[in-house]
């Protein structure tokens with residue numbers, strides 16, 4: 001339920017990110033600033049509700065596993081939890097000596113990325129996921145991951161539409177795709193950083209004795 005609640009709470013900021021992309025696309029195609037998109041941000045009624053519903057729907061078209069590949073640019077052992085030991089060793093907040101004492105067979109687990117994620121989830125994330133710092137970082141990760149996914153789906157939809165319905169989309173240039181490409185890259189990097197931070201924050205809080 002926590003994950004669902006976080007995704008629901010992210011609908012508004014996700015919608016804002018999509019409106020900003022459409023504003024840039026409008027600028028690319030018209031060479032002028034279309035204030036109507038900005039006015040949508042002031043609308044707490046129909047327009048934002050519709051965009052929120054569409055953004056939420058688009059974010060669910062891509063499976064979570066594919067979203068992770070899009071964010072972390074890996075095909076196997078994709079999630080940062082699969083590398084929580086390596087990430088923790090680079091985080092100055094984490095005492096490696098305490099971590100080694102907490103994790104049995106530390107060196108063996110370090111070489112087994114496929115087992116690291118389940119260990120991290122059980123021993124570090126589950127006990128700390130109610131902590132504000134962990135929850136806020138998790139929410140940021142989900143927001144930027146879903147934003148990257150929605151941008152990817154939107155770019156694909158635009159490309160297909162231009163190929164098969166080009167005569168009806170003459171005012172929309174292929175340059176619009178670059179807006180989505182830049183957005184996908186930016187959101188993916190932000191999600192990756194937030195995901196890595198989520199992993200190490202859960203470890204740091206667990207080792208600190210706050211839970």
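The values are calculated or read from the model by the stated rules, or taken from the named source; none is laboratory data. As the structure is a computational prediction, the values presented were derived from the model and not from experiment. As a convention, Cβ positions derive from the backbone with ideal geometry for all residues, glycine included, and neighbour counts pool all protein chains shown.
A few points about this structure:
- Some residue of the range 49-66 being modelled with pLDDT of 95 or more, touching a helix residue (DSSP H, G or I) at 6+ places or on another chain (Cβ under 6 Å) and surrounded by 21 or more Cβ atoms within 10 Å (Cβ to Cβ): no
- Verdict on residue 185 being farther than 20 Å from residue 87 by Cβ, part of a helix (DSSP H, G or I) and either modelled with pLDDT of 95 or more or touching a strand residue (DSSP E or B) at 6+ places or on another chain (Cβ under 6 Å) (or both): yes
- Filter result (over 24 Å from residue 66 (Cβ atoms) and buried (at least 21 other Cβ atoms within 10 Å of the Cβ)) within the range 79-93: 85, 88
- Of 27, 98, 70, 108, all but one fail to be farther than 27 Å from residue 8 by Cα, modelled with pLDDT of 90 or more and surrounded by 12 or more Cβ atoms within 10 Å (Cβ to Cβ); the exception is 98.
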